[in-house]
Amino acid sequence: MTIKFETPGFGAKAVLKALRLPSGLGRIAGELRYEGRKSGRHIAFPVFFTQVDDRVIIRVGHSSAKVWWRNFRTAHPASIRVGGHWLSGSGQVVWPGSPEFAAAHADYVRAHPRFPLDPEDPYVVIEVGPTVGGMR
């Protein structure tokens, strides 16, 4: 069965198309896919990330104006296209002030030293591994 994913906005659709081209953009941006916890909708959109071992760290920039990350307040299945390959696992929000946040923030800053970061914005960390019913 083929799953149709919704992508919010024309700009997001254009970026997702660009990510499929052989360019360097795929090293810092990927396509995140997940099923809405309450709505059941299948969502896909571009995100900036860094990968460290079996963790994919996604910054939630301007988090107060976004709602997608709230699906990950508790562990939730997700897939992300990283460099042309799909990785699946369980994503969860890590909050400012937690030890997990400090580690995720340090890894993200090391990978993206020029990106402006708000210290109040959380991260979504996907622990890559086998999932039941992956989202690809």
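Please treat every number below as a calculation from the coordinates, not as lab data. None of these values were measured; they are calculated from a predicted model. Cβ: placed from backbone, ideal geometry, glycine included. Neighbour counts: every protein chain shown.
Tabulated data
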read-out: Taking N as its residue count, the alpha carbon Rg of segment 10-128 over 2.2 N^0.38 Å; value: 0.99
read-out: Relative contact order computed over segment 10-128 (Cα-Cα under 8 Å; 6+ residues apart), in percent; value: 27
read-out: Label-to-label distance, nm, for residues given as Asp118 and Ser98 (7 Å Cα→Cβ offset); value: 1.9
read-out: Positive-end residue, segment 10-128 charge dipole about Cα centroid, Cβ charges, pick of His105, Thr74, Leu32; value: Leu32
read-out: Spacing of the two label points (7 Å from each Cα toward its C-beta) at Arg37 and Asp53, in nm; value: 2.6
read-out: Charge dipole magnitude, Cβ of K and R +1, D and E -1 - segment 10-128, Cα centre, debye nearest 20; value: 560
